[in-house]
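All remarks here apply to the structure that follows.
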Amino acid sequence: MTRDEIRDLVLSLPETEEGTSYGLPSFKACGKFLTRIRAEDDSLVVYVDSLDERDMLMEVEPETFHLTDHYRNDPIVLARIGAVDPAWLRAKLTARWRQVAPKRLRKAFDEGAA
């Protein structure tokens, strides 16, 4: 994927916009952190279901997934933009969006109206 494709994917989710988090460019959904592209290693911050899932991804696909100490205690993996599978990424970003979006918006999204 490219940065533009990532941007289009993220912004396709309802009420998602570009913003900043801790002074860095990021994407937010309903004002809450969704993800950010890390310029320092051309990776995307991706929330996963558990630390075990994160560790498994890094073991199975080290060319795609990695981690820095900053994220070590969180269910987050860094996905290299050029190597990440678009379908996997869409699923993970949608799951994160569902975590931060209000119930009314999730309901409209599920009904196809969002």
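The values are calculated or read from the model by the stated rules, or taken from the named source; none is laboratory data. Computed from a prediction, not measured in an experiment: that's the story for all the values here. Here the Cβ positions follow ideal geometry from the backbone for every residue, glycine too, while neighbour counts run over all protein chains shown.
Some notes on this structure:
- Of the criteria (1) modelled with pLDDT under 95; (2) loosely packed, with under 15 Cβ neighbours inside 10 Å; (3) not charged (D, E, K, R), which one S50 fails: (1)
- For E59, the criteria (1) surrounded by 15 or more Cβ atoms within 10 Å (Cβ to Cβ); (2) more than 13 Å from the chain's Cα centre (by Cα) hold in every case but one, which is (1).
- Subset of region 16-67 that is in contact (Cβ under 8 Å) with a residue 12 or more places away in the chain and of a type in the set (V, I, T) - its residue that is farthest from A95 (Cα to Cα): T64
- Residue within region 22-33 that is of a type in the set (A, V, I, L, M, F, W, C), more than 20 Å from N73 (Cβ to Cβ) and surrounded by 17 or more Cβ atoms within 10 Å (Cβ to Cβ) present: yes
- Qualifying residue in region 95-107 (condition: more than 26 Å from P14 (Cβ to Cβ) and touching a residue at least 24 places away in the same chain (Cβ under 8 Å)): no
- Where helices (runs of 4 or more DSSP H) fall entirely within region 47-114, those with at least 2 residues that are under 15 Å from T35 (Cβ atoms) are at 86-100.
- Scanning region 1-25 for residues that are in contact with a Gly (Cβ under 9 Å, 6 or more places away or on another chain) and over 16 Å from L105 (Cβ atoms) turns up M1, T2, G19, P25.
- In this structure, L44 does not satisfy being touching a helix residue (DSSP H, G or I) at 6+ places or on another chain (Cβ under 8 Å) and in a loop (DSSP other than H, G, I, E, B).
- K28 in contact with a Gly (Cβ under 6 Å, 6 or more places away or on another chain) and either closer than 17 Å to L9 by Cα or part of a helix (DSSP H, G or I) (or both): yes
- Test: residue in region 16-32 that is among the small types (G, A, S) and under 13 Å from the mean Cα position of the chain (by Cα): yes
- Residues being farther than 28 Å from R104 by Cβ and either assigned to a strand (DSSP E or B) or of a type in the set (S, T, N, Q) (or both) - total across region 31-41: 2
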